[in-house]
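Notes follow once the structure below has been shown.
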Amino acid sequence: MKKSLIALASGAFALGAAEFVMMGILPQTAKAMGVSIPQAGNFISAYAIGVCAGTLMLVFGRRVPPKRLVLLFMALIVVGNACSALSTSAPLLIISRFIAGLPHGAFFGTAVYIAKSLADPGKGAQAVSVTITGQTVANMLGVPGGTLLAEYLSWRMAFALLALWGAATVLLVLRWIPDLDPVPDTGIRGQFRFLRRRGPWVILLAVFTGNAGIFCWWSYVSPWLTQRGGWSAGSVSALMMLAGFGMVVGGLAGGALCDRWRHAGSAALGQLVSCLGLLMIFLVPGSRLSTAILTFWVAFGLFFISTPQQVLMVEAGQGGGELIGGATIQIAFNLGNAVGSILGGAALAASGMDYRFPALAGAPLALLAVVLLVVYSIRLETHTDAIDRLQVIEV
């Protein structure tokens, strides 16, 4: 593995953990800040707003070399998480979380561009999947680790360690990522020119609907595991590690297939896996075994699609919009998360707190994403170089 990919994956780990760790330490932070659990939800929303706003850094940093952009993003990670650890009031923590979220989308847009630029011929998607693996490992290890720190030491330790991780990643970036030329400067308008076509919007709509469908259920996975599966509350952390492992395996598998087949077709296949998982969550009787398998199943599909979608948008933005294209995926992803959580909550309330129904509510949205990706693949990926990228294996 190229050392540059390790540096990028390290940054992805810091961002993935910073984004999701709050969900595991929300009760402790709410108590420390003197707010209710619903009010503490603003700590999560502030990060998501930062993700959307931070994309503007790419618009005005289009002439900056990618390596310098990554260093800027890592510095913001350090500042945002350090301020979160030191916050003494809810408004300060909200501002700190906003700062921590600013580099998220911009980092992934830039990291995907760097990974593809440094990859060996025919292995661009695999290089991207290695980079994104840092985010999936964060879900497998970082988030449960932060939850344990909050339970036995202090929630502030989770953010302090993320700040230190970001500082260490700065050193890796300085040492291992080579200097690359900036993307072609086509002006502010030129960066968004690719959005005049319908194809990129189809991809973004598929990302939005697919993640909204999955997060209808995923937002309430913990009570689903305890009430439908019969797991104890203490077992949820271990099952979240199982889900994180599914994300790691799915991300690597999606990258490997994407290098050998249609990119949108690969994304459609992964989305179909998650869609079938949501349907089975509703239909299959709950048990410890079935809930564990389905948790892994849906998590596998969730990140199987990540690399193909990132590659699709970077390729759609060729000619000056590569970084913006990669960043818009993260915006669509986070918007889908927010909408999915709301729809899942409505389904839960309407069903009398039956934790199967958020999955049923999300299944049509996930299916719509499959249809969008299939249509995109049929219409725009008919003539591909897939046959040229097949590998000959002699037995």
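The values are calculated or read from the model by the stated rules, or taken from the named source; none is laboratory data. A quick note: this is a predicted structure, and the numbers were derived from the prediction, not measured. Backbone-built Cβ (ideal geometry, glycine too); neighbour counts: all protein chains shown. Keep in mind that these areas ignore ligands, DNA and RNA; they rest on the heavy atoms of the full protein, side chains included. Shrake-Rupley method; radii C 1.70, N 1.55, O 1.52, S 1.80 Å.
Here are some notes:
- Leading residue at positive end of dipole, the stretch 1-129 (Cβ point charges), from ALA48, ALA82, LEU69: LEU69
- The fraction of all Cα pairs in the stretch 186-385 landing in successive 10 Å bins from 0 to the largest distance is 10, 35, 32, 16, 6, 1, given as whole percents.
- Expected 222 nm ellipticity per residue - DSSP helices of 4 or more, -39500 (n - 2.57), all of the chain, to 500: -26000 deg cm²/dmol
- Accessible area of the stretch 186-385 divided out per residue, in Å², using a probe of 1.4 angstrom: 39 Å²
- Excluding same-chain neighbours fewer than eight residues apart, the lysines reachable from LYS67 by a Cα-Cα span under 22 Å are LYS2, LYS3, LYS116, LYS123.
- Residue separation of ARG193 and LEU92 scaled by 0.36 nm, minus their Cα-Cα distance, works out to 32.6 nm of gained length.
- Spin-label pair ALA349/LEU153, simplified geometry with 7 Å Cα→Cβ offset, distance in nm: 3.9 nm
- Normalised by the number of residues in the chain, the mean separation of alpha-carbon contacts (under 8 Å, six or more apart) gives a relative contact order of 24 percent.
- Ranking by accessible area, most exposed first, for ASP181, ASP120 with a 1.4 Å probe: ASP181, ASP120
- In the chain, one over the average inverse separation of all distinct C-alpha pairs is 21.0 Å, which is the Kirkwood hydrodynamic radius.
- Span from the the stretch 340-370 Cα centroid across to the the stretch 270-336 one, whole angstrom: 16 Å
- Accessible area per residue, Å², the stretch 1-185 with all protein chains present, probe 1.4 Å: 40 Å²
- Surface share of carbon and sulfur [accessible, 1.4 angstrom probe, percent] for the stretch 1-185: 69 percent
- Relative contact order [Cα under 8 Å, 6+ residues apart], the stretch 1-150, whole percent: 42 percent
- Net dipole in debye of the stretch 186-385 [+1 Lys, Arg Cβ; -1 Asp, Glu Cβ; about Cα centre; nearest 20]: 280 debye
- Heavy-atom accessible area, probed at 1.4 angstrom with all protein chains present, ranks VAL273, VAL21 as VAL273, VAL21, highest first.
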